[in-house]
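**Student:** The structure under discussion is supplied below as structure tokens; questions concerning it will follow.
The values are calculated or read from the model by the stated rules, or taken from the named source; none is laboratory data. Here the structure is a predicted model, which is why all the values come from computation and not from measurement. All accessible areas refer to the heavy atoms of the entire protein, side chains included, with ligands and DNA or RNA removed. Shrake-Rupley method; radii C 1.70, N 1.55, O 1.52, S 1.80 Å.
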Amino acid sequence: MFGSRSSKEEKAAAADKVSADLSQPRDPQAPKGRPTPKRAVAQSQRKAVVASTGNRKEDAKRARERRRAEMAKQREALANGDERYLPARDKGPVRRFVRDFVDSRFSVAEMFLPLAVVILVLSMVRQPAIQNIALLLWLGVIALIILDSIGLVFRLRKALNTRFPNEPRRGAVAYGLMRTLQMRRLRLPKPQVKRGERP
């Protein structure tokens, strides 16, 4: 209302620049590298991308089909490691290296769920000696997971600093730690390296 109004030519030029910037894939950890588009430009760009047919039901159906196709591509990418269709949190050479680094070694944390079930069953037995053993097992498993995770953090940081000195690595170590908590066969994206194989 009180701000300055730009001409239609400036808006069109800004929209062209923004669409050119958006056409290139961007590393999720990298800075944006361009100014945020004005609301009018962003809205016109959204309208241009999703062309309306004038029929609300038809538009919703097309949007659902488009989402379904994107999700199918993403599921396939998670199964075979195709970088083009992976979610933003899994994209990039740093994340791929972290996945390979974690998948190439055995970690105690990946056995947490099966061990937790065994310990839970032992703790339900109504004998104090077995319940004490279950408690000691529980403490031992937690201590082993903490020690293993600390060792992984140091080794992974060192490997990332050596391999990717100039790449943004924010959140990569936490990503690796979260991956160790999943059992190997349930990890997504699926492991692309065998145990003992150097990433």
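**Student:** Please report, to one decimal in angstroms, the Kirkwood hydrodynamic radius of region 49-199 built from all distinct Cα-Cα pairs.
**Tutor:** Evaluated on region 49-199, it is 18.4 Å.
**Student:** Can you list the HN-Hα couplings for region 57-62, worked out from phi with the Karplus curve (6.51, -1.76, 1.60; θ = phi - 60°), rounded to whole Hz and with x for Gly and Pro?
**Tutor:** Those phi angles translate into 5, 5, 4, 5, 5, 5 Hz.
**Student:** Report, in listed order, any pair from Lys38/Lys61; Lys73/Lys190; Lys61/Lys91 with a Cα-Cα distance greater than 23 Å.
**Tutor:** Lys38/Lys61; Lys61/Lys91
**Student:** Would you mind getting the accessible area per residue of region 71-193, heavy atoms of the protein chains only, 1.4 Å probe, in Å²?
**Tutor:** Each residue of region 71-193 exposes 62 Å² on average to a 1.4 Å probe.
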